[in-house]
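Visitor: First, the structure itself, so that you have it in front of you.
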Amino acid sequence: MSIASQDTAIRTGRVTRMLIYLVLLLFALFYMLPLYVMVVNSVKPLDEITGGGMMNLPQVLTFEPWAKAWSSAQIGVEPTGLSPYFWNSIKMVVPAVAISTVLGALNGYVLTKWRFKYDTIVFGLILFACFIPFQIVLIPMAKMLGLMGLAGTTSGLVLVHVVYGVGFTTLYFRNYYAVFPTELIRAAQIDGAGFFRIFWRILLPSSGPIAVVSIIWQFTNIWNDFLFGASFAGADSQPMTVALNNLVQASHGVKEYNVHFAGAILAALPTLLVYIVAGRYFVRGLMAGSVKG
Amino acid sequence: MGFLDIDNTTKSYGAVEVLHKVDIAVEEGEFLVLVGPSGCGKSTLLNMIAGLEEITSGEIRIKDAVMNGVHPSKRNIAMVFQSYALYPNMTVGQNITFGLEMHNVPKPQRDKAMKDVANLLQIEPLLDRKPGALSGGQRQRVAMGRALVRNPDVFLFDEPLSNLDAKLRVDMRTEIKKLHQKLGTTIVYVTHDQIEAMTLSTRIAVMFGGYVQQLGTPQEIYDTPANIFVATFMGSPAMNVVPAKVVVENGRPMAHVALHDGTIASLPFSQDNLAEWDGKDIMLGIRPETITDEDAADRKSENIAQMTNRIVVTEPAGSDTFVTMTLGGRDVIARMRSDANVRAGKDFQFAVNMEKAVAFDPKTENRIAP
Ligand SMILES: Nc1ncnc2c1ncn2[C@@H]1O[C@H](COP(=O)(O)OP(=O)(O)OP(=O)(O)O)[C@@H](O)[C@H]1O
Ligand SMILES: [Mg+2]
């Protein structure tokens with residue numbers, strides 16, 4: 001009897017599993033559709049698109065649009081392609097992510113392990129930064145950047161993103177460090193390690209998962225940001241997103257959709273890469289702390 | 001002046017005073033155990049010695065140097081934490097030498113010190129492992145190694161055995177005691193386990209409600225508890241404390257206690273000054289092992305009183321049999337030989353060693369000293 005029931009259990013299991021897979025597959029296809037459209041059209045000659053075959057596979061495979069988008073497409077007035085703006089973005093994102101993550105870690109460290117009077121109020125105020133809409137700060141921020149002589153520079157953009165990101169990174173690290181055993185800090189104090197030594201030697205080496213969360217979050221947000229880039233960047237510090245917009249919005253000549261698609265993929269590539277490389281740590285980091293080790 | 005002086009030290013969190021004027025002088029090489037129930041302030045006191053908590057008032061001195069405001073790393077102390085607090089990202093070896101590294105001890109010296117300690121604690125094979133790959137007992141050893149390697153003036157232990165299973169706890173207890181005898185270091189050790197306190201210490205401070213209730217050798221604490229709290233906290237099973245009345249008969253003070261049926265048993269005191277309590281109520285304290293049968297009574301005692309009482313429950317526990325009876329309206333436990341002929345519901349003639357009995361003032365709950 002038990003054998004029989006086991007048998008049916010497996011059979012129904014197989015059927016439901018097939019159904020589940022089918023549904024998942026459909027969803028996956030549905031979600032992949034935009035990517036498919038972008039990739040397919042970025043490797044077609046323009047006339048194949050304007051001829052009305054958006055969904056078709058390319059008849060002639062060409063990487064011309066990619067090359068053009070990267071190095072020679074008209075962006076604004078200059079035919080530079082997206083490449084200088086790509087480097088602008090990198091120059092902005094890397095320091096902004098690094099600084100905001102380190103600051104967030106330090107804040108989290110102080111707020112949990114070097115507690116002081118009214119520290120929860122301070123934390124609440126920092127958290128508040130997460131909920132301020134971008135639009136509200138635009139004008140005061142422009143004024144501040146002007147006063148600091150950072151208007152239109154990459155450093156100015158870095159500052160803006162650090163200021164905006166620190167709320168989130170502090171939140172992540174504070175919650176992560178809140179469950180980090182305080183006895184370890186005390187042991188290190190007795191061993192003679194100071195404030196930064198404890199941070200550097202004890203806390204940071206155990207912060208991998210949450211650092212990944214912070215980095216991914218900051219990287220995608222800053223890389224994809226358009227509003228701050230469009231508002232505060234100068235002509236030679238514009239990030240990729242703004243340049244892509246300029247490429248697509250160019251008002252003269254024919255619209256080179258294939259180049260636009262290639263450019264859009266180029267603009268999305270770094271965040272995609274970060275997710276692929278560190279994505280599983282991201283989930284692990286988000287879960288960390290919710291389950292007691 | 002002791003080696004470690006805790007001088008009129010108090011601790012307040014805001015308006016709440018959690019430690020009240022603690023006054024303890026620890027001699028060099030002593031093993032002082034702070035014992036008491038949860039929340040009595042043991043850890044707070046230890047952390048104040050370590051420098052992890054500020055001292056609200058009073059002074060703590062190590063080797064006559066005032067420690068108030070001195071950084072933990074400058075006090076030449078080492079601490080073993082309840083959770084062991086091993087650095088998870090470092091190997092056992094690095095854990096042990098981290099403190100030396102922070103004190104700028106050169107690497108060759110550090111390695112030598114590590115080897116010595118590893119040898120002493122028999123953890124050489126573990127030196128390259130991470131703490132996550134150790135058992136509880138091994139972590140415990142590593143934590144002790146980390147403390148030992150710095151050769152501190154005072155060792156501080158905060159419930160170091162409470163995360164171990166029962167068997168290992170007993171083994172490690174012996175190990176710590178051996179280590180203390182071998183190295184002769186000064187130790188302050190926190191526990192809420194009174195057996196640990198009795199077995200390990202040279203002196204015990206029993207704490208309750210932020211007060212040191214009694215400070216003394218294990219024997220003093222056990223035989224002459226300062227008050228009812230200490231009497232019932234130390235010892236397992238706890239000391240029986242029952243209401244009794246002092247009546248002087250033929251010039252000798254007797255304790256009148258109600259038996260199970262309300263009749264009065266008259267037990268002579270060995271303590272003469274209790275005659276001053278003639279006619280007054282007291283609380284009578286009798287340790288379970290001092291209530292036995294006639295044959296097992298202490299031969300050296302000059303004051304064995306007989307008392308016939310009804311047995312309520314018997315609990316054989318291998319080496320002993322615990323017998324429960326009603327005395328003074330309360331449950332009283334006697335610790336009998338396992339072969340004693342006791343049966344529930346039967347009357348039995350008990351022998352009470354009244355030399356060991358203590359009397360407490362029912363109002364102050366303090367022991368009435370001889
Ligand atoms: N930061 C704090 N603020 C206010 N009260 C505190 C603080 N830390 C400890 N206390 C109080 O001080 C008292 C003593 O605490 P302590 O940790 O020393 O107890 P303990 O004897 O070590 O208990 P346990 O056996 O549970 O570890 C407790 O009543 C506790 O509530
Ligand atoms: Mg404690």
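The values are calculated or read from the model by the stated rules, or taken from the named source; none is laboratory data. Note that this is a predicted model, so its numbers are computed, not measured. Using ideal geometry, Cβ is built from the backbone for each residue, glycine included, and neighbour counts are taken over all protein chains shown. Areas reflect the complete protein model, heavy atoms only, side chains present, ligands, DNA and RNA absent. Shrake-Rupley method; radii C 1.70, N 1.55, O 1.52, S 1.80 Å.
Visitor: Any chance you could count how many residues in region B:52-73 are in contact (Cβ under 8 Å) with a residue 60 or more places away in the chain and either touching a His at 6+ places or on another chain (Cβ under 8 Å) or exposed (fewer than 13 other Cβ atoms within 10 Å of the Cβ) (or both)?
Guide: 1
Visitor: Conditions: (1) within 25 Å of residue B:164 (Cα to Cα); (2) more than 9 Å from chain A (Cβ to nearest Cβ). Residue B:107 meets all but one. Number of the miss?
Guide: Of the numbered conditions (1) within 25 Å of residue B:164 (Cα to Cα); (2) more than 9 Å from chain A (Cβ to nearest Cβ), the odd one out for residue B:107 is (1).
Visitor: Another question, then. Applying the selection to region B:77-96, what residues are surrounded by fewer than 19 Cβ atoms within 10 Å (Cβ to Cβ) and more than 10 Å from every other protein chain (Cβ to nearest Cβ)?
Guide: Across region B:77-96, the qualifying residue is only B:91.
Visitor: Give B:253, B:225, B:243 a once-over and let me know the one that is outside any helix (DSSP H, G or I) and in contact with a Phe, Trp or Tyr (Cβ under 6 Å, 6 or more places away or on another chain).
Guide: It is B:253.
Visitor: Considering region B:346-370 alone, what residues qualify as being surrounded by fewer than 15 Cβ atoms within 10 Å (Cβ to Cβ) and either modelled with pLDDT under 90 or touching a Ser or Thr at 6+ places or on another chain (Cβ under 6 Å) (or both)?
Guide: Selection gives B:347, B:349, B:369, B:370.
Visitor: Hey, among A:209, A:205, which residue is more than 16 Å from residue A:107 (Cα to Cα) and surrounded by fewer than 16 Cβ atoms within 10 Å (Cβ to Cβ)?
Guide: Answer to the selection: A:205.
Visitor: From the list A:163, A:158, exactly one residue is open to solvent by 60 Å² or more (accessible area, probe 1.4 Å), assigned by TED's automatic domain parsing to the domain that holds residue A:236, at pLDDT 90 or above and of a type in the set (A, V, I, L, M). Which is it? Please lay out each step first, then the result.
Guide: Details: A:158 fails: open to solvent by 60 Å² or more (accessible area, probe 1.4 Å).
Every option except A:163 fails the conditions.
Visitor: Which is within 16 Å of ligand 2 (Cβ to nearest atom), of a type in the set (A, V, I, L, M) and open to solvent by 40 Å² or more (accessible area, probe 1.4 Å), of B:248, B:206, B:212?
Guide: Sole residue among the options that is within 16 Å of ligand 2 (Cβ to nearest atom), of a type in the set (A, V, I, L, M) and open to solvent by 40 Å² or more (accessible area, probe 1.4 Å): B:212.
Visitor: Now for a separate question. Provide a single number: the residues in region A:65-83 that are assigned to a helix (DSSP H, G or I) and either small (Gly, Ala, Ser) or surrounded by fewer than 17 Cβ atoms within 10 Å (Cβ to Cβ) (or both).
Guide: Count: 4.
Visitor: Kindly provide the set of residues from region B:346-370 that are farther than 19 Å from residue B:262 by Cβ and over 27 Å from the mean Cα position of the chain (by Cα), ordered by number.
Guide: Correct list: B:351 only.
Visitor: Which ranges mark the helices (runs of 4 or more DSSP H) fully within region A:178-293 that have 2 or more residues being farther than 17 Å from residue A:97 by Cα, of a type in the set (A, V, I, L, M) and within 14 Å of chain B (Cβ to nearest Cβ)?
Guide: Where helices (runs of 4 or more DSSP H) fall fully within region A:178-293 and carry at least 2 residues being farther than 17 Å from residue A:97 by Cα, of a type in the set (A, V, I, L, M) and within 14 Å of chain B (Cβ to nearest Cβ), they are A:182-191.
Visitor: So, in region B:324-345, how many residues would count as being closer than 21 Å to residue B:264 by Cβ and either in contact with a Lys or Arg (Cβ under 9 Å, 6 or more places away or on another chain) or hydroxyl-bearing (Ser, Thr, Tyr) (or both)?
Guide: Qualifying residue count, region B:324-345: 3.
Visitor: Next question, about the same structure. Of B:170, B:190, which residue is within 19 Å of the chain's Cα centre (by Cα), outside any loop (DSSP other than H, G, I, E, B) and within 16 Å of ligand 1 (Cβ to nearest atom)?
Guide: B:190
Visitor: Applying the selection to region B:127-175, what residues are within 14 Å of chain A (Cβ to nearest Cβ), of a type in the set (A, V, I, L, M) and open to solvent by less than 10 Å² (accessible area, probe 1.4 Å)?
Guide: Of everything in region B:127-175, those that are within 14 Å of chain A (Cβ to nearest Cβ), of a type in the set (A, V, I, L, M) and open to solvent by less than 10 Å² (accessible area, probe 1.4 Å) turn out to be B:142, B:143, B:144, B:147, B:154, B:156.
Visitor: Let me confirm something: among B:197, B:147, B:113, B:143, which residue is within 16 Å of ligand 1 (Cβ to nearest atom) and in a helix (DSSP H, G or I)?
Guide: So the residue among B:197, B:147, B:113, B:143 that is within 16 Å of ligand 1 (Cβ to nearest atom) and in a helix (DSSP H, G or I) is B:197.
Visitor: Please indicate, with yes or no, whether at least one residue in region B:14-35 is within 15 Å of ligand 1 (Cβ to nearest atom), farther than 20 Å from residue B:234 by Cα and within 14 Å of chain A (Cβ to nearest Cβ).
Guide: Within region B:14-35 (the criterion being within 15 Å of ligand 1 (Cβ to nearest atom), farther than 20 Å from residue B:234 by Cα and within 14 Å of chain A (Cβ to nearest Cβ)), the answer is yes, since at least one residue qualifies.
Visitor: Which residue is most open to solvent (accessible area, probe 1.4 Å), if the candidates are limited to region B:259-289 and must be touching a helix residue (DSSP H, G or I) at 6+ places or on another chain (Cβ under 7 Å) and of a type in the set (A, V, I, L, M, F, W, C)?
Guide: Checking each candidate, the answer is B:283.
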